[in-house]
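The values are calculated or read from the model by the stated rules, or taken from the named source; none is laboratory data. Given the structure is predicted, the values throughout are model-derived calculations rather than measurements. Counting neighbours? That spans all protein chains shown, and the Cβs are built from the backbone with ideal geometry, glycine included. With ligands, DNA and RNA removed, areas are computed over all heavy atoms of the protein, side chains included. Shrake-Rupley method; radii C 1.70, N 1.55, O 1.52, S 1.80 Å.
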Amino acid sequence: MAVAERDIGRRPASRRAPRTPAEWPRVVRAAHARGAAGALLGLALLGALIDPPALAVQLVFVAMAVALLGLPHGAIDGLGGAAVFARRTGRGWAGFVAFYLALAALVVAAWIVVPVAMLAAFLALAVWHFGSGDAEAAGAARGALPGAEVVARGALPIVLPVALHPQETGTIFAWLADTPGLVATTEAATTPLLVVWGVAVLAAVAGRVQRGASLGGPHLAEFAALVAVFALWPPLLAFAAYFALVHAPRHMLKIDPGPPGGSFLRTIARLTRLGLPLTAVTLAGAALGFWVLSAGDTPLTAGLKTLFWGLSALTVPHMLLDSLEERSGDR
């Protein structure tokens with residue numbers, strides 16, 4: 001991302017900054033992991049004490065988490081995306097918007113035409129997307145990310161809901177893909193998925209031990225806290241906690257960790273404000289999508305489809321743009 005864009009709204013660095021600019025991103029990642037671990041542990045304890053709300057109420061909480069942090073973390077793609085397209089195609093914002101809309105439309109079309117295949121593809125993409133960010137933040141390796149750690153971290157928010165809450169997760173999958181048989185399929189997949197994830201976790205630990213690397217420090221605490229949340233909370237609420245507390249802030253801090261000595265919370269708040277225009281446009285599109293889907297589905301099913309079809313439609317261009325910016329040297 002260009003310096004001028006990264007510095008929008010930034011406060012001057014503190015004169016008593018405890019780290020150099022080069023060290024600061026690592027310090028911020030560790031601080032975020034500690035904060036996320038503490039918040040997640042608090043949620044896990046709460047989940048052990050209270051009964052979960054109805055599914056419709058859970059969906060409202062997920063929608064709020066996505067609206068407040070999930071959409072802004074993707075909306076700030078525009079800050080650097082337009083610059084990338086300007087250099088590559090000469091079209092700037094026009095190229096960026098066309099890129100996003102075309103890919104999002106293809107993903108929604110896939111949900112309509114081949115919903116089960118699209119569900120499988122979306123889950124696989126989610127594992128890679130979540131795992132890449134979490135493994136990189138935890139310092140999995142220098143220059144390359146070991147596959148085992150990507151799977152271990154990325155599959156956590158996907159596999160644990162299936163393994164620990166198979167019927168509820170299977171029901172959600174069945175509604176998303178309009179395929180009732182997915183409930184039985186999800187229940188049958190519980191053990192194989194849990195075994196694969198367990199092997200990935202052990203391989204990731206063995207890889208770190210072999211390299212003489214730390215097991216993760218605050219990122220290990222974050223990992224353990226996430227396991228507790230997914231064990232004690234229903235799938236939708238646990239996903240909302242992961243998405244809002246871990247994934248979205250982590251992506252924002254990767255784009256801009258803020259000035260040395262600054263607060264990562266203030267940085268996230270600033271980036272969220274910068275993403276408000278595109279967030280508002282996306283919310284308007286989601287409202288339109290819900291209205292269209294409500295004509296043939298119950299409000300709950302239409303809400304689930306709006307949320308997760310929409311997330312997948314935004315995730316594909318989001319991931320590709322992230323890759324383009326990495327190759328362009330903007331991050």
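Below, the figures for the structure above:
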read-out	value
Test result for A248, part of a helix (DSSP H, G or I), open to solvent by less than 20 Å² (accessible area, probe 1.4 Å), farther than 15 Å from I158 by Cβ and touching a helix residue (DSSP H, G or I) at 6+ places or on another chain (Cβ under 7 Å)	yes
Test result for F85, at pLDDT below 75 and part of a helix (DSSP H, G or I)	yes
Residue that is closer than 24 Å to G47 by Cα and aromatic (F, W, Y), where the choices are F239, F264	F239
Hits in the range 198-221 - residues which are of a type in the set (A, V, I, L, M, F, W, C) and open to solvent by 30 Å² or more (accessible area, probe 1.4 Å)	V199, V201, L202, A203, V205, A206, V209, A213, L215, L220, A221
Helices (runs of 4 or more DSSP H) completely within the range 1-70 that count 2 or more residues being at pLDDT 90 or above	24-49, 55-65
The range 231-271 - residue that is over 17 Å from the mean Cα position of the chain (by Cα) and of a type in the set (K, R) and, of those, farthest from A33 (Cα to Cα)	R270
Test: L276 is over 28 Å from A56 (Cα atoms), of a type in the set (A, V, I, L, M, F, W, C) and at pLDDT below 95	no
Members of the range 266-315 found to be more than 26 Å from L55 (Cα to Cα), open to solvent by 30 Å² or more (accessible area, probe 1.4 Å) and not small (G, A, S), listed by number	R266, R273, L274, L276, P277, L278, V281
For A280: the one exception among (1) part of a helix (DSSP H, G or I); (2) touching a helix residue (DSSP H, G or I) at 6+ places or on another chain (Cβ under 8 Å)	(2)
